[in-house]
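Everything on this sheet refers to the single structure shown next.
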Amino acid sequence: MITLDEFTIEQLRLYPQATGELSGLLRGIGLAAKMVNVQVNKAAIADILGEDGGAINVQGETVQKLDSLANNTFINVLRHGIHCAGMVSEENDDMIVFDDPKNNQSKYVVLMDPLDGSSNTDVNMPIGTIFSIYRRVSELGKPCTKEDFLQKGDNQFAAGYVLYGSSTMFVYGTRRHSVNGFTLDNSVGEFYLSNPNMKMPEDGTTYSFDYRYYHCVNDKVRKFLDFCNESKNGEDGRYGNRHASCMVADLHRIFLKGGIFMYPSRKQKPNGKLRLMYECNPMAFLTELSGGSATDGGKRIMEIEPKDIHERCPIFIGSKKMVEKLEE
Ligand code: F6P
Ligand code: MN
């Protein structure tokens, strides 16, 4: 069995000019994920469930205690490492520039949703972490800048997610390689390669959408939902509906089994809810790398030129044929 560290180092050997920095960065993210995993696992007995003193983040969302713990863990691990010039987090209004002699030399910046689906924590449902890695465009040796983060998704160098589910998984992909999944062996404290070269099925039999929004999405989306739900024989609908209310968990299923995930715009949220830079882009990167598609309804997610680190966009993402059907 090969570990996450062994795997990233082995990949490195394919490129004589590689410096090992990406491996080091992924190792840092993996370490922080293991620390978050411990907190998530004992949350109910360590008094770390529920809201964080009523705090509201820049998104206008209630911050859970575990959101803050996960956020601090990722920031601290990356800051004290040597492989990341700075980061953007869902939980922080502004970018975090590490600005120390070691990290200023790093060519990478990270954008991250430290705890996706965090309203699931209190009910022991799946939650996740999502990350996106870019090569910086500013000068090495100096502090990173906003331009390093505000790059379109097509420029991503790597991306990944961690799923804290019935087991904990670390899934990542780099632009030169495929998507690979690792499962945490809690007794050893290592991620082991369990899902090599993940390929999203071309077609699927499920769709993921929160039906509470059925009445406020536009007619075209509603028409597609009706198509999904249509009965061919007067009995079962065409597709099954699967919705865990955690983008990471909903999409993980789609990576393995096929399907489509939708968070469209609606009257009250004209740009949808999900954030382009640390939810939609990294998931679109992994989806395309594994054979699927991701669109905002008009264009590919990764073609969107970002204007703000926290901007939102509608998203339809998953198996190629299902996204084609939606577009049709
Ligand atoms: O952070 C975003 C998120 O938690 C996703 O994981 C999930 O798909 C979505 O929000 C659910 O949002 P809501 O129930 O508020 O529409
Ligand atoms: Mn999220």
Can you name the residue in region 174-189 that is within 18 Å of the chain's Cα centre (by Cα) and among the hydroxyl-bearing types (S, T, Y) and, of all such residues, is modelled with the highest pLDDT?
-> T183
In region 248-273, which residues are in contact with a helix residue (DSSP H, G or I) (Cβ under 6 Å, 6 or more places away or on another chain) and at pLDDT 95 or above?
-> L251, I260, F261, P264, R266
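Restricted to region 208-250, and to residues that are within 16 Å of ligand 2 (Cβ to nearest atom) and surrounded by 18 or more Cβ atoms within 10 Å (Cβ to Cβ), which residue is farthest from G128 (Cα to Cα)?
Here is the first cut: in region 208-250, the residues within 16 Å of ligand 2 (Cβ to nearest atom) are 208, 210, 243-250.
So of that shortlist, the ones also surrounded by 18 or more Cβ atoms within 10 Å (Cβ to Cβ) come out as 208, 244, 246-250.
Details: S208: 17, A244: 12, C246: 7, M247: 8, V248: 6, A249: 7, D250: 10 Å.
Here the residue is S208.
Specify which of the listed residues (S89, S68) is under 18 Å from Y278 (Cα atoms), crowded, with 18+ Cβ neighbours inside 10 Å, among the polar types (S, T, N, Q) and touching a residue at least 60 places away in the same chain (Cβ under 8 Å). Before you say what the answer is, go through the steps one by one.
Working: S68 fails: touching a residue at least 60 places away in the same chain (Cβ under 8 Å).
When all the criteria are applied, what remains is S89.
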Note: among A32, A44, just one is over 22 Å from the mean Cα position of the chain (by Cα) and closer than 24 Å to S187 by Cα, namely A44
Restricting the search to region 94-121, which residues are more than 16 Å from ligand 2 (Cβ to nearest atom) and either outside any strand (DSSP E or B) or exposed (fewer than 14 other Cβ atoms within 10 Å of the Cβ) (or both)?
-> D94, M95, F98, D99, D100, P101, K102, N103, N104, Q105, S106, K107
Which residue out of D296, D250 is in contact with a His (Cβ under 8 Å, 6 or more places away or on another chain) and closer than 18 Å to V217 by Cβ?
-> D250
Report yes if A46 is under 14 Å from C144 (Cβ atoms) and in the same structural domain as D122 (by TED's automatic domain parsing), otherwise no.
-> no
Could you figure out which of (1) in a loop (DSSP other than H, G, I, E, B); (2) touching a strand residue (DSSP E or B) at 6+ places or on another chain (Cβ under 8 Å); (3) among the basic types (K, R) isn't true of R176?
-> (2)
Scan region 122-154 residue by residue and report those that are closer than 21 Å to D308 by Cα, out of contact with any Asp or Glu (no Cβ under 7 Å at 6 or more places or on another chain), without any contact (Cβ under 8 Å) to a residue 60 or more places away in the chain and outside any loop (DSSP other than H, G, I, E, B).
-> R135, E147
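What tally of residues in region 155-173 results from selecting those that are part of a strand (DSSP E or B) and not aromatic (F, W, Y)?
Total meeting the criteria: 9.
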Condition set buried (at least 24 other Cβ atoms within 10 Å of the Cβ) and more than 16 Å from ligand 1 (Cβ to nearest atom), scope region 274-325, selection farthest from V248 (Cα to Cα): answer is M322
Please state which of the following conditions M277 fails to meet, knowing it meets all the rest: (1) part of a loop (DSSP other than H, G, I, E, B); (2) within 14 Å of the chain's Cα centre (by Cα).
-> (1)
Kindly provide the set of residues from region 31-59 that are under 29 Å from R175 (Cβ atoms) and either in contact with a strand residue (DSSP E or B) (Cβ under 6 Å, 6 or more places away or on another chain) or of a type in the set (F, W, Y) (or both), ordered by number.
-> A33, N37
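The values are calculated or read from the model by the stated rules, or taken from the named source; none is laboratory data. Given the structure is predicted, the values throughout are model-derived calculations rather than measurements. Backbone-built Cβ (ideal geometry, glycine too); neighbour counts: all protein chains shown.
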